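What follows is a short report on a single structure.
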Amino acid sequence: NDQLFDTTRNLVLALLRADNVTEVASVTQDQLANHANIDACEIILVEHPQLNSAPSTRTESLATLRKDFADVFRLKRTHCGALSREQVDYLFPGHAGSIRSTALCPVMNNSEVLALLAFGNQEDNYFNVNLDTLFLDFIGRVVGAVLDRQLAAQEKESA
């Protein structure tokens, strides 16, 4: 718990310094990928008409994410457990075949899913249905609040 708290604290502090959507995504991924029990970490932003991010930032349509990861959208909370090989390969393209368990966390603000945060581990049952997801859900909400603020700022600038 101490290590998870340190990771969460460092993430929150880094997010407060982020100046745009691209920085929010890269800071989130960089900070969380450094946690000892996370072998892979990806953030996929939901495409928005106002979304202005670097080409290196992963984006996907809401319809595709909702179809491919329905449990996360239905429950609106972190989902841990096994996924199909196809889903794992989509989430973690740089880790072909090595990820065996996953946690999918919706990045939310006001019940709207703004992104999907995916964590992978090489152990079969590291992320499992019995895992307490309190910290992961909290991270999703914090990232969601910061991301929403940056999206609103982009919308203002383009108006």
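The values are calculated or read from the model by the stated rules, or taken from the named source; none is laboratory data. Computed from a predicted model, the values in this text were never measured in an experiment. Cβ placement follows ideal geometry from the backbone for every residue including glycine, while neighbour counts extend to all protein chains displayed. Quick note on the areas: whole protein, heavy atoms, side chains included, nothing else; ligands and nucleic acids left out. Shrake-Rupley method; radii C 1.70, N 1.55, O 1.52, S 1.80 Å.
Under the convention that each Lys and Arg Cβ holds +1 and each Asp and Glu Cβ holds -1, the size of the dipole of the chain around its Cα centre is about 300 debye. Against the main long axis of the alpha-carbon atoms of the chain, helix 2-17 sits at an angle near 20°.
Taking the longest Cα principal axis of the chain as reference, the axis of helix 21-33 is set at about 20 degrees. For the chain, the solvent-accessible area of protein heavy atoms averages 53 Å² per residue (probe radius 1.4 Å; ligands and nucleic acids excluded). At R0 = 22 Å, how high is the FRET efficiency between GLN122 and ASP6 if r is their beta carbon distance? Nearest 0.05 is fine. The value I calculate is 0.50.
Derived value for region 1-118: Kirkwood hydrodynamic radius 14.9 Å. Basis is the mean of 1/r over every pair of different alpha-carbon atoms.
Computed extension gain for ASP137 through SER84, at 0.36 nm per residue and net of the alpha carbon distance, reaches 16.8 nm. Here the accessible area of the chain is 48 percent carbon and sulfur, with a 1.4 angstrom probe and all protein chains present.
Which value in deg cm²/dmol, rounded to the nearest 500, describes the helix-derived mean residue ellipticity at 222 nm for the chain, given -39,500 (n - 2.57) per DSSP H run of n ≥ 4 and division by the residue count? Using -39500 (n - 2.57) per qualifying helix, the result is -14500 deg cm²/dmol. With a Förster radius of 25 Å applied to the C-beta separation of ARG77 and ASN37, the computed FRET efficiency comes to 0.80.
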